[in-house]
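Only the coordinates and a few stated rules stand behind these numbers; no lab work does. Keep in mind that this is a model prediction, so the values were computed, not measured. Virtual Cβ from ideal backbone geometry, glycine too; neighbours counted across all protein chains shown.
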Amino acid sequence: MEKNKKKILLVATGGTIACEEGENGLRPVLSGQSLIELVQGLDDIAEIECLELMSLDSSNLMPKHWQKIAHTIEENYEAYDGFVVTHGTDTMEYTSAALYYMLRDIGKSVILTGSMLPLESPGTDAIDNVRLAFTAASAGHAGVYIAFSGKLIYGNHAKKSDSKAFDAFISTGRPYAAVMRDGLIDWRDDSKDDVSSHKEFKADCSLDTNVAVIYLTPGLSPEMLKSYVDAGMHGIIVAGYGAGGVPIKDETNDFLPALDYAAEHDVMIVCVSQCQTGGAQLDHYEMGVLAEKHGAISGGSLPIGAATVKLMHVLAHTRNPSEVRMSFEA
Ligand code: ASP
């Protein structure tokens, strides 16, 4: 082995990258080991070992699978310099956010990647994405990122924005962590310090999955929000319009009493924006300011998926409203 080559663990979980055509359409079957063998030149980038963790379309991934991936990285932490996770693109933004919060103090790189076409399809994007992921994992930038179509995205700011194009992900609410320029990865300066401490690393995989999302549409009844409270949710993400907030003027569609109902039942409400960029800013308009006065918290620049996962993670530690609020301000 060349001295400067990093030792990277590939954690294979399935997704289109591993798919072959079956009787009922594409299904993931290709092993991580075959993936390594099929992408030429990977052994020039890193010394790679592989762990077949699961073989699932990412639509079938649940929070317990996020925990399994995080535990796997924790268990193998000392033995490797970095980690690449191959994953379906459909829910990659949820897994990347979950790993971002669960592996908050990690001092090594965790890079998720996948592809829009199977690895063995002609003209596939898988080869470039896999090479990018291993190159990024070898670069020593601590933290969790998605590597896709020539860009690195912070794990808690990714959004799948296209269901067909190779350039399928955008970074929302934060600039890209890195982009490819002239064949090299150009990292933003602050990406190296995107973790609170590198000294001691322990995964924190606790989650309270009693979190639901309400996507506001004109005329949606506030009873919907109350029904989620009655169903036993501990947290509700309200994906609102523009800068966030809730409808307040129409007498049957005033959400403020529903926010009070949630607060009386110790249910946390976090407002995010339906917009792809810009995020929620509750102090801007009356419906945001009043939502805050009735207990809602701003999800700030977080996309809907990452805000949902963050609320699951935070609620596993505290249901105290000011502590939840503080963790979203941090
Ligand atoms: N359905 C696939 C998945 O998420 C899509 C992909 O990987 O691109 O597993």
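Key figures for this structure:
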| item | result |
| --- | --- |
| Rounded, prolate or oblate (a/c below 1.5 giving rounded, otherwise prolate when a/b exceeds b/c) for segment 103-164 by Cα gyration tensor | oblate |
| Stretch gain in nm, segment K293-E78, where the contour uses 0.36 nm per residue and the Cα spacing is subtracted | 72.7 nm |
| Whole-Å distance, taken between Cα centres, linking segment 211-285 and segment 126-165 | 32 Å |
| Helical mean residue ellipticity (222 nm; -39500 (n - 2.57) per DSSP H run of 4+; nearest 500) of the chain | -8000 deg cm²/dmol |
| For the chain: relative contact order, % (alpha-carbon pairs under 8 angstrom, 6 or more apart) | 15 percent |
| P(r) of the chain over all Cα-Cα pairs, binned every 10 Å from zero, in whole percent | 6, 26, 31, 21, 11, 3, 0, 0 |
| Pairwise centroid distance, computed over Cα atoms, of segment 76-94 with segment 21-63, Å | 12 Å |
| Paramagnetic reach from E323 in segment 219-254 [backbone N under 12 Å; point 7 Å along Cα→Cβ] | none |
| Residue-span extension gain [Y285 to S161] - 0.36 nm each, minus C-alpha spacing | 41.9 nm |
| Overall form of segment 50-179 per C-alpha gyration tensor (a/c, 1.5; a/b vs b/c) | rounded |
| Sites D189 and D43 - FRET efficiency at Förster radius 41 Å, r taken between beta-carbons, to 0.05 | 0.85 |
| Segment 125-164: relative contact order as a whole-number percent, Cα under 8 Å and 6+ apart | 34 percent |
| Shape box of segment 1-127 [Cα atoms, principal axes, largest first, Å] | 42, 35, 19 |
| Computed Kirkwood radius, in angstrom, where 1/r is averaged over Cα pairs of segment 175-330 | 16.7 Å |
